[in-house]
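The values are calculated or read from the model by the stated rules, or taken from the named source; none is laboratory data. Bear in mind the structure is a predicted one, so any value in this text is a computation, not a measurement. Neighbour counts run over all protein chains shown; Cβ positions are idealised from the backbone, glycine included. Protein only, heavy atoms only, side chains kept; ligands, DNA and RNA dropped before computing areas. Shrake-Rupley method; radii C 1.70, N 1.55, O 1.52, S 1.80 Å.
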Amino acid sequence: MRRSHAILTVLTTGALTAGSFAVLSPSADAATTLGAAAAGKGRYFGTAVAAYKLSDSVYSTILNREFNSVTPENEMKWDATEPTQGTFTFTSSDTIVNRAVSIGAKVRGHALAWHSQQPSWAQNLSGTALRNAMVNHVTQVATHFKGKIDSWDVVNEAFADGSSGARRDSNLQRTGNDWIEVAFRTARAADPAAKLCYNDYNTDGQNAKSNAVYAMVTDFKARGVPIDCVGFQSHFNAASPLPSDYQANLQRFANLGVDVQITELDIEGSGTTQANTYAAATNACLAVTRCNGITVWGIRDTDSWRASGTPLLFDGNGNPKAAYTAVLNALGGTTTSPSTSPSPSTSQPPGTKSCTATVALNTWTGGFVATVKVTAGATALTGWTATVTLPAGAAVSNTWNATAAGSTGAVAFTNIAYNGPVAPSASTEFGFQGTGSAPATTATCTAR
C-alpha cells in the first residue's frame, strides 16, 4: 500500500509467540464487535493504523473496540524505519505495536522490502550495494520486532500489472531475480516465529499477475524457500470490482499449503451495493479454511487514501455504515455496536461559525505527510478553508480530502462536498504530502 497512494501483537511481550493468537474480545460483549466476531470464526479482523491518529479519541475508541489485528500504515516501511543508512528509527512503529499489545491485538508487519517508499539514499544505490542494504534492513527491522509480529509482508508488490506476468522493473529487481527469495530467507533467520507473506494488488482473481505469483509460491514451496502466506490487497471499485472467482482464487493459493489473508480491503461506494460487496468478500474468506484474517485499510472514510470514494466501514464521524453491519452479520455477530459521535445536524443552530485547524506531521529527510484536523466551534459548519504556511523551498505534491489553492507558501485547503458539513464541536480531517521541510503544527481556519 501507498502513503496516500501515492500514500500492522501479542497479549504481553513474551507471553505469546508471534505464531500464536489468544482469542480475546476487544469489548465486553463478544458478539458485537468485528474482532470478537472474527475470533469466534478462528480469524482476525484488523485495520491499518497511523500512529499520529492515535490521539484522536474517535479513531482510538473504534480501534480499541472493534479490531483484533493492526497493520502500521507507513511506520514500518523503509523510509520510516531507516531514513539514513544504518540509522534505524522505531518510535512511531513501536507506538503502534504498544497500542496493539494494550488491546490484545496481533500485528501484521508491513513491509520489509518494497520498490516504493524507499529513503533517498536507497533509491540512489544499485547492484550489490543495494542488495546488501536490503538484507541489512530486513535483518535489523525483523530483529527489532522479533516475537511481536504475527505476519510479515516480507515483499510487497513485486509483479508488474498487465498481461505479461513479469516481475516489476525496480531497483530491487535489477539486483537479481533471486532478490525475493533472499528477502524471505533473511526474514526467517531474523524472526523465525512470524509468518512470512508475499503481498500484492490486482491479484484478487485469476489473471496473468496472480498466475505469476502462484508460480513463484509453487516454486518456493517446492524448493523449501520459507513462505507461509499470501496477501491479497483487495481494493475494489466500479472499475475494478470484486472478481467472480475471488473465493476460488484464494482457495487455489491455500491449496499450495500457505495461509491467505485479505490485507488492505476497501470498497468504494455506499449503501446496499457497498454492503453486499463487503459481505461477499468476508464470506469468501470464511469459505476458505486457510483464509485466516481480513484487514481493512483504515477505520473511517476520512482516514482512507481513497477518501472521496467513502470505501470503509465507518463514516467520517465514526458512525458504523451499512457495510459494517453487513460484515458483522457475515461474521456471525450482532449489530448493536454503538455510534461513536453524532452525525452533522441538518438544521444549523444559531450563532457565529468558527473553526480551528491543527497539523500532525510524519516527516522524513526531504519530505513529509501532514494531516490537518478541522474542528467546528459551537455552531455547525457548512464548509471551511484551512491555510497552512509552508517553509521556503517546501511544496505540496499530493492532497486528499481537500482542494489546494497553490502548492507553495501560504496554501489554502478547502473542503470537498462530502466533508464540508461539520457538526458543532466535531472534526474532520484532510491531508497532504509535500517535499522539503515540514510546516509548523498550526494553521488558520476560516468557517462557512
- All but one of (1) under 24 Å from the mean Cα position of the chain (by Cα); (2) surrounded by 19 or more Cβ atoms within 10 Å (Cβ to Cβ) hold for MET216, so report the exception by its number. (1)
- Query: Can you name the residue in segment 301-326 that is among the β-branched types (Val, Ile, Thr) and over 17 Å from PHE45 (Cβ atoms) and, of all such residues, is surrounded by the fewest Cβ atoms within 10 Å (Cβ to Cβ)?
  - Reply: THR310
- Task: Confirm whether THR382 is more than 30 Å from MET76 (Cα to Cα), of a type outside the set (D, E, K, R) and open to solvent by 10 Å² or more (accessible area, probe 1.4 Å).
- Result: yes
- Set GLY298, GLY333: member being at pLDDT below 95 and crowded, with 24+ Cβ neighbours inside 10 Å: GLY333
- Query: Are there any pairs, at least 6 apart or on different chains, whose C-beta atoms fall under 7 Å, with the first in segment 80-107 and among the β-branched types (Val, Ile, Thr) and the second exposed (fewer than 14 other Cβ atoms within 10 Å of the Cβ) and in a strand (DSSP E or B), and if so, which?
  - Reply: VAL101/THR13
- Message: THR414 - would you say it is surrounded by 16 or more Cβ atoms within 10 Å (Cβ to Cβ) and either modelled with pLDDT under 85 or in contact with a Leu (Cβ under 6 Å, 6 or more places away or on another chain) (or both)?
- Response: no
- Message: Step by step: first the residues of segment 187-241, then only those that are of a type in the set (Phe, Trp, Tyr) and not in a strand (DSSP E or B), then the one that is farthest from VAL138 (Cα to Cα). Which residue is that?
- Response: TYR214
- How do the pairs read when you match residues in segment 178-191 that are among the aromatic types (Phe, Trp, Tyr) with residues anywhere that are open to solvent by 10 Å² or more (accessible area, probe 1.4 Å), using Cβ under 6 Å and keeping only pairs 6 or more apart or on different chains? PHE184/PRO226
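Tell me the residue from ALA412, ALA438 that is assigned to a loop (DSSP other than H, G, I, E, B) and among the small types (Gly, Ala, Ser), please. Give the derivation first.
Details: ALA412 fails: assigned to a loop (DSSP other than H, G, I, E, B).
Answer to the check: ALA438.
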- Restricting segment 155-191 to residues that are open to solvent by less than 10 Å² (accessible area, probe 1.4 Å) and touching a Pro at 6+ places or on another chain (Cβ under 9 Å), which is farthest from ASN207 (Cα to Cα)? ALA187
- Which listed residue, of THR71, THR61, is under 23 Å from PHE314 (Cβ atoms), touching a strand residue (DSSP E or B) at 6+ places or on another chain (Cβ under 9 Å) and of a type in the set (Val, Ile, Thr): THR71
- Task: Return the only residue of VAL217, VAL230, VAL225 being in contact with an Asp or Glu (Cβ under 6 Å, 6 or more places away or on another chain) and under 17 Å from ALA183 (Cα atoms).
- Result: VAL225
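Quick grid of which residues meet (1) farther than 11 Å from PHE232 by Cβ; (2) part of a strand (DSSP E or B); (3) touching a Gly at 6+ places or on another chain (Cβ under 9 Å):
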site	(1), (2), (3)
GLN251	yes, no, no
GLY257	yes, no, no
GLN261	no, yes, yes
LEU265	no, yes, no
GLY269	yes, no, yes
THR277	yes, no, yes
ALA281	no, no, no
ALA284	no, no, no
- Message: Step by step: first the residues of segment 351-365, then only those that are under 27 Å from the mean Cα position of the chain (by Cα) and at pLDDT 85 or above, then the one that is nearest to THR387 (Cα to Cα). Which residue is that?
- Response: ALA357
- Residue hits (segment 243-283; surrounded by fewer than 17 Cβ atoms within 10 Å (Cβ to Cβ) and not small (Gly, Ala, Ser)) are ASP245, ARG252, ASN255, LEU256, THR272, THR273, ASN276, ASN283
- Over segment 417-448, the set of residues open to solvent by 20 Å² or more (accessible area, probe 1.4 Å), closer than 29 Å to THR365 by Cα and of a type in the set (Ser, Thr, Tyr) is THR435, SER437, THR441, THR442, THR444
